[in-house]
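Everything below concerns the one structure shown next.
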Amino acid sequence: AQFAFQENEIKLLTAEIERLKNFGCLGVSPSLEGLRDENAKLKYRLNFLKKSLQEERSKSVKSMININSCLQEIFGAAIQAAYPDLENPPLVVTPSQQPKFGDYQCNSAMGISQILLKTREQKVIPREIAEKIVKNIPANECIDKVEIAGPGFINVHLRKDFVSKQLSSLLINGVQPPAVGKRKKVVVDFSSPNIAKEMHVGHLRSTIIGESMCRLFEFAGYDVLRLNHLGDWGTQFGMLIAHLQDKFPDYLTVSPPIGDLQAFYKESKRRFDTEEEFKKRAYQCVVLLQSKNPDFIKAWNLICDVSRREFQKIYNCLDITIIERGESFYHEMMKDIVKEFEDKGFVQVDDGRKVVFVPGFPVPLTIMKSDGGYTYDTSDLAALKHRLCEEKGDILIYVVDSGQSVHLQTVFAAGQMIGWYDPKVTRVAHAAFGVVLGEDKKKFKTRSGDTVRLIDLLEEGLKRAMDKLKDKERDKVLTPEELKAAQTSVAFGCIKYADLSHNRLNDYVFSFDKMLDDRGNTAAYLLYAFTRIRAIARLANIDEQMLRKAAREEVLVLDHEKEWKLGKCILRFPEILQKILEDLLLHTLCDYLYELATTFTEFYDSCYCVEKDRQTGQIVKVNMWRLLLCEATATVMAKGFDILGIKPVQRM
């Protein structure tokens, strides 16, 4: 559709240039800065469009085709031709659940029947509608045949040469994302721990989900800004600085050896709650910090740096890339936020507080406290405006727990109300998630009832992964380096996958035993399946160069039902990613990878890739097209792992 639009514009521009030629207007070829007259602008636009069309076509040749989208275009055109007067007819194309119903199904006839009955009082049975749609299917390269089944289901059978060609393209070009049109900017807010408090299991989900979303959008060609909205400002810093002054009076000249910041925080909080003089001094410290007193800024930075170092250990383990932009970044903007809401008449004064009521939300936003201080509401509004108006984000995603849902929806609605963005143009989404539960189905805690420290959880994962590998006697066949790589891959891969494989909207039970099980939908199973697939060609003495050569020369035969099933499953990858870009539910990718691995096992058990002499064990035949199916499966799995932030290993 994009190509057709650009080609049409090229035709119109060419015609306009010809018209201007007839008036003797053309004949100039100015530089870009010198484009002054209309005809030169037209020529420049024409050249630009031709060049961009060539680039898009070149990119699209290498891109994986979203077969579902192709079929939607085909059936959309057929429905338009069959019912040209019908506005927004339902377009329903889904993969078939059973092979006897073809490869895909178009189930639009039933919906169209309902619309005709409601809007025109025409009673047309769905089967007749389906027949009319089928008659108007345009010529295309992907459909072999269609059949009408039952009340009006249209079963679609794909052409084998089309599927074979797409698999060859995947092998030659690698896993290339489908073209997404204009490169949009995505801002993802995730992780967001608090300074002076250790990261705990509650931060695990936001960190893992946010990282994976960033990887997906980056792979799809978006410009992604990863933001860590640290809790690095506020009244708690008053008590921390006051305690720092007492415990390390020479902190300005000698770096204080704060080893355990969590204990330091608890000490200062205890003093704040029990010592009246300390409490007064803490409030004075907040005032001096907010007035940017250099000594207090240095104390604040010292405390922040201790936390940053601890956070970075976690991010290094989990391979997280993120830019720090805490609440302090927006502090100077908050005064202008309050003024903007006041100038537009949205502020009411309630018991000395300045509040903003947003239609449809019962609790107002407090943008200034009675003592003149700002709140989380103010900083969240400042962050929203900066991301929209300064960063020019087209898509904003907040990966924050479900408990913040009402607050964030109120902030987003306030941003719309004041005119910062139009939801029809800019997408602002809260990617909410449930809590992590222990095996007792209660909030995940230590035996003493404390919140589980994230660093302890990761270290326990490493220990358990090594125990599992030794139980399988992997330490006897792997080198120490390979064993260490397998341990890290399994430990962190299993923790990530256990989270991402659950629908993020639900709570999930954290269980090392379940996540390290190498049976079922776990990272342990998938990582093992992946190393097994990669080993098939290696054990047949087929190297990468030979596989690349075969991909260009060999036709992928898909005659066996298990070859056909695997080939189609591999090519569903782009439609899986497209769905996640829309609904932000990453468990769909985990489900797909598990389906791909089990479909591969079915294929491998039924189709010999390498045939050996039963007596000698010597290789007598290599079925290269089947090795290419192995390679295509591994290539897609590797990209899926990369999006999930999981690092596979060559040997496990």
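The values are calculated or read from the model by the stated rules, or taken from the named source; none is laboratory data. No experiment lies behind these values; they were computed from the predicted model shown. Because the Cβ atoms are built from the backbone with ideal geometry, glycine has one as well, and the counts that use them run over all protein chains shown. Just the protein is used for accessible areas: all its heavy atoms, side chains included, with ligands, DNA and RNA removed. Shrake-Rupley method; radii C 1.70, N 1.55, O 1.52, S 1.80 Å.
Between residue 392 and residue 503, the simple spin-label model (points 7 angstrom out along Cα→Cβ) gives 3.9 nm.
Of 509, 130, 382, which is farthest along the charge dipole of the chain in the positive direction, counting Lys and Arg as +1 and Asp and Glu as -1 at C-beta? Of 509, 130, 382, it is 130.
With helices as the sole contributors, the chain gives -17500 deg cm²/dmol at 222 nm; each DSSP H run of n ≥ 4 counts as -39500 (n - 2.57), and the sum is divided by every residue.
Taking the charge dipole of the chain about its Cα centre, with +1 at Lys and Arg Cβ atoms and -1 at Asp and Glu Cβ atoms, the residue from 229, 304, 355 reaching farthest to the positive side is 229.
Considering Cα pairs under 8 angstrom that are at least six residues apart, work out the relative contact order of segment 271-372 and quote it in whole percent.
Details: 54 pairs, mean separation 11.0, N = 102.
This gives 11 percent for segment 271-372.
All other residues whose Cβ lies under 13 angstrom from that of residue 391 are scored, Lys and Arg at +1 and Asp and Glu at -1, for a net of +3. Using only the Cα atoms of segment 461-644, build the gyration tensor, take square roots of its eigenvalues as a ≥ b ≥ c, and label the shape rounded, prolate or oblate: rounded if a/c is under 1.5, else prolate if a/b is larger than b/c, else oblate. Note, shape of segment 461-644 comes out oblate. Of the residues 204, 531, 142, the one whose Cα sits farthest toward the positive end of the charge dipole of the chain, with +1 on the Cβ of Lys and Arg and -1 on the Cβ of Asp and Glu, is 142. Note on residue 459 and residue 343: their simple-model spin labels are 5.3 nm apart, each label 7 Å out from Cα toward Cβ. Taking a ≥ b ≥ c as the square roots of the Cα gyration tensor eigenvalues, with a/c under 1.5 meaning rounded and otherwise prolate when a/b beats b/c, else oblate, which class fits the chain? Here the chain falls in the oblate category.
Within the straight-line cut-off of under 17 Å between alpha carbons, the lysines reachable from residue 269 are 197, 247, 279, 280, sequence neighbours fewer than 8 places apart in one chain being disregarded.
Residues of segment 476-520 falling in the label zone of residue 647, defined by backbone nitrogen less than 18 Å from a point 7 Å along Cα to beta-carbon, are 479-498. In this rough spin-label picture, where each label sits 7 Å from Cα along the Cβ direction, the residue 422-residue 277 distance is 6.3 nm. What does the charge count around residue 648 come to, taking other residues whose C-beta lies under 10 Å from its C-beta (Lys +1, Arg +1, Asp -1, Glu -1)? Value of the local net charge: +1.
Treat every Asp and Glu Cβ in the chain as -1 and every Lys and Arg Cβ as +1, leave all other atoms uncharged, and give the resulting dipole magnitude about the Cα centre to the nearest 20 debye. Could you put the intermediate results ahead of the total?
On the way: 92 positive and 90 negative charges, 202 e Å.
Dipole size: approximately 960 debye.
Peptides 258-266, 584-592 ordered by packing proxy, namely the average of other Cβ atoms within 10 Å per residue, highest first: 584-592, 258-266. Checking the a/c ratio against 1.5 first, then a/b against b/c, what shape does the Cα gyration tensor give for segment 235-319? Prolate shape, in that a/c is at least 1.5 and a/b is the bigger ratio. Computed about the Cα centre, the dipole magnitude for segment 461-644 is approximately 380 debye when only Lys and Arg (+1) and Asp and Glu (-1) carry charge, each at its Cβ. Averaged per residue, segment 341-468 has 51 square angstrom of accessible surface, using a 1.4 angstrom probe with ligands and nucleic acids left out.
Given charges of +1 on the Cβ of Lys and Arg and -1 on the Cβ of Asp and Glu, with all other atoms neutral, how large is the dipole of segment 504-587 about its Cα centre, in debye to the nearest 20?
Details: 14 positive and 14 negative charges, 32 e Å.
Computed charge dipole of segment 504-587: roughly 160 debye.
Using a Förster distance of 25 angstrom, determine the FRET efficiency expected from the C-beta separation of residue 611 and residue 545, and round it to 0.05. Once rounded, the FRET efficiency stands at 0.65. Amide hydrogen proximity for residue 507: with H placed 1.01 Å from N in the peptide plane, the residues at 5 or more positions away or on another chain lying under 5 Å are 435. Our coupling estimate for segment 349-354, obtained by passing each phi through the Karplus curve with A = 6.51, B = -1.76, C = 1.60 and θ = phi - 60°, is 9, 10, 6, x, 8, 9 Hz, Gly and Pro reported as x. For segment 121-176, the fraction of 1.4 Å probe accessible surface lying on carbon and sulfur atoms is 48 percent.
Where does the charge balance sit around residue 405 when Lys and Arg score +1, Asp and Glu -1, over other residues with C-beta under 14 Å from its C-beta? Summing Lys/Arg as +1 and Asp/Glu as -1 gives -1. The H on the amide N of residue 143, modeled in the peptide plane, is under 5 Å from the matching H of 159, each at least 5 residues off or on a different chain.
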